[in-house]
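I have placed the structure first, in the form of structure tokens, so that the comments after it can refer back to it.
Taken together, the values in this text are just the output of simple stated rules run on the coordinates, not laboratory data. If you're wondering where the values come from, they're calculated on a predicted model, not measured in any experiment. Cβ placement follows ideal geometry from the backbone for every residue including glycine, while neighbour counts extend to all protein chains displayed.
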Amino acid sequence: MNDTGQEEKQFGKVRPLDAAERRVLGVLVEKAKTTPDQYPLSLLALVSGCNQKSNREPVMNLDEEAVGRALESLRTIGAAAELFGSGRVPRYRHHLRDWLGVEGPQAAILAELLLRGEQSEGDLRGRASRMEPIADLTILRNHLDALAARGLVVWLSPPGRGRMLTHGLLPPEKLEKVKAQLGLAMAAAAAAGPPADDDDRAPPPAPRAAIPTPAPQPGRVEQLTERVAHLEATVADLTARLAAVEKLLE
């Protein structure tokens, strides 16, 4: 195969990517690893991969024109290339190793972050492992530390179980929105109680059926009703704030 766009590339020109560019580049890396017999991808296959509903966040509806524009801009900075084989239909591949200097597990990690955005270390390990084996969190963290040192990974929460992160190819304004959204989500989770993570889940409380329930005192029902109404109003307010942030991110 001959690379027809080689002279246009500016390898090493790293810059933030918009939503369509992130999705296209993520799909190219993913399909190279999961369906190598169908790679490089035709434009139709790439559009289908961009719009698939599994392992995508958010689900998108990109047409051929939008994907074509993203491909052209990725080619310009040396992150992707157009190829021709024995047929006349062009195909496309990524140049992540040349553009960012990453391959293997680190390429899989970045692909998952490009496809799904911010996520926890545990979720990321499971998703990236379908492309490259990552045996445990210790190995994952070694890769993440190396990527973070180069600004290719951004930590969104302090070290600890369930630590959140994203990739470093977001425009600055988008990254700030992600941080704000995560802050609201964490506030809502704190208001709702302890997280339901399997690793952190506390033992269930002892059954209370054997404990006699005192008869309600006069006025007690009214007090409980007011507290419930207050809690419902608080949850509704947090829900509205989260919806407002999500609308800004659309």
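Once phi is turned into ³J(HN,Hα) by the Karplus curve 6.51 cos²θ - 1.76 cosθ + 1.60 with θ = phi - 60°, what whole-Hz value does each residue of the range 180-189 show in order, with x for glycine and proline?
Each residue's phi maps through the Karplus curve to give 5, 4, 5, x, 5, 5, 5, 5, 5, 5 Hz.
For the range 2-100, what is the relative contact order in percent, using Cα pairs closer than 8 Å and at least 6 residues apart in sequence?
42
Can you work out the Karplus-derived ³J(HN,Hα) for every residue in the range 59-69? Use 6.51 cos²θ - 1.76 cosθ + 1.60 with θ = phi - 60°, whole Hz, and x for glycine or proline.
Along the range 59-69, the couplings run 5, 10, 9, 8, 9, 4, 5, 5, 5, x, 5 Hz.
Could you pull out the pairs from 13/177; 33/53; 33/179 whose alpha carbons sit more than 23 Å apart here? Don't skip to the end; give the middle numbers.
Details: 13/177 25 Å; 33/53 19 Å; 33/179 30 Å.
Going by Cα-Cα distance, 13/177; 33/179 fall outside the 23 Å limit.
Considering just Cα atoms, how many Å³ per residue does the convex hull of the range 104-169 enclose?
73
At residue 180 and residue 37, where each label point lies 7 Å from the Cα along Cα→Cβ, what is the point-to-point distance in nanometres?
Here the modelled spin labels are 4.8 nm apart.
Stretch residue 72-residue 52 to full length: gain in nm at 0.36 nm per residue minus the Cα-Cα span?
Gain on stretching residue 72 to residue 52: 5.1 nm.
What spacing in nm lies between the two simple spin-label points modelled at residue 64 and residue 191, each 7 Å away from Cα in the Cβ direction?
4.8
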